[in-house]
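Below is one structure, written out as structure tokens; comments come after it.
The values are calculated or read from the model by the stated rules, or taken from the named source; none is laboratory data. Because the structure is a prediction, the values reported are computed rather than measured. Cβ coordinates were reconstructed from backbone atoms using ideal geometry, including for glycine residues, and neighbour counts include every protein chain displayed. Accessible surface is based on the protein model in full, side chains and every heavy atom, while ligands, DNA and RNA are left aside. Shrake-Rupley method; radii C 1.70, N 1.55, O 1.52, S 1.80 Å.
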Amino acid sequence: MVARSRKHRPPVSASALVIGDDGKARCAWAGDDPDYRPYHDNEWGKPLHTDRALYEKVSLEGFQAGLSWITILRRRGEFRRAFANFDIATVAAFDENDVERLVVDAAIIRHRGKIEAAINNAKVTQNLIAERGDGALDALVWSFEPTKKRPRPRGFGDFVATTPESVALSKELRRLGFKFVGPTTMYALMQSAGLVDDHVEGCFSAVP
């Protein structure tokens with residue numbers, strides 16, 4: 001299907017943007033929430049690099065599966081405490097005692113499968129770095145950056161749950177042994193880590 005030219009695209013849905021008390025137009029999901037707004041302005045859609053940062057992102061997106069992101073965002077500090085700031089080598093060394101410690105930690109999401117996945121993924125990342133060198137996870141994730149930009153969303157109906165790239169990234173990570181890295185979860189990672197820029201047209205954070 002041939003994409004519509006910009007001049008023939010429908011107008012931006014009013015409900016897709018919100019004007020803050022600072023006069024800036026933002027994606028409506030950010031609203032005026034004290035946690036969401038700075039995350040939207042300073043992190044979401046901004047290019048994220050380093051193995052540690054992307055391991056943390058993979059972990060938190062995995063914990064988010066089936067929940068709202070705000071639930072994870074409001075507990076991110078506690079997740080960082082519980083998982084040693086997502087230091088890959090440290091988490092890779094966690095044992096069953098750590099799992100039992102974490103499943104009773106009410107400050108995080110007490111889901112045994114997700115906790116075990118985060119530890120497993122640290123071990124897989126550690127092995128990947130041992131085989132390919134520092135920056136291996138960073139390079140792997142960013143190798144799935146779309147080569148062609150999609151039209152910027154203009155309304156909630158323009159957002160997608162998966163893309164061919166997120167499906168391919170999910171498939172490769174699972175092949176390597178990662179868990180809780182489904183295509184929808186990986187597209188959320190691609191949005192938040194800046195592999196794609198899904199800020200709604202008119203949002204002040206949208207990259208021209």
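Odds and ends about this structure:
- Stretched out straight at 0.36 nm per residue, the stretch from T147 to T71 would grow longer than its current Cα-Cα span by 24.2 nm.
- A simple rule links phi to the HN-Hα coupling: the Karplus curve 6.51 cos²θ - 1.76 cosθ + 1.60 with θ = phi - 60°, which for segment 55-69 gives 5, 4, 5, 4, 5, 5, 5, x, 5, 6, 3, x, 10, 8, 5 Hz, with x for Gly and Pro.
- Computed from Cα atoms alone, the Kirkwood hydrodynamic radius reported for segment 46-132 is 13.1 Å.
- Total charge dipole magnitude, the chain, about the Cα centre, Cβ charges on Lys, Arg, Asp, Glu only, Debye to nearest 20: 840 debye
- Set of lysines near K57 by C-alpha distance (under 17 Å), chain-local residues within fewer than 8 positions excluded: K46, K114, K123, K179
- Grouping the Cα pair distances of the chain into 5 Å bins from zero gives a pair-distance distribution of 1, 7, 14, 19, 18, 16, 11, 7, 4, 2, 1, 0 percent in increasing distance order.
- By a 1.4 Å probe calculation restricted to protein chains, T147 has an accessible surface near 150 Å², given to the nearest 10.
- Positive dipole terminus of segment 121-197, leading residue within L176, L195, A161 (C-beta point charges): A161
- Cα lying deepest toward the dipole's positive end in the chain, options I119, A93, V18, charges on Cβ: V18
- Charge context of E56, other residues only, Cβ under 10 angstrom, K/R +1, D/E -1: +1
- Relative to one another, the C-alpha centroids of segment 14-86 and segment 87-159 are positioned 15 Å apart.
- Other-chain or far-sequence residues with amide H under 5 Å of L17's (modelled H): A28
- Net +/- balance of residues flanking P47 in space, Cβ distance below 10 Å, scoring K and R +1, D and E -1: -1
- Note that segment 117-208 shows a convex hull volume over its alpha carbon atoms of 107 Å³ per residue.
- Fully extending the segment from K123 to Y39, taken as 0.36 nm per residue of separation minus the present Cα-Cα distance, adds 27.4 nm.
- Theoretical FRET efficiency, 1/(1+(r/R0)^6), r = Cβ-Cβ of R175 and A89, R0 30 Å, to 0.05: 0.85
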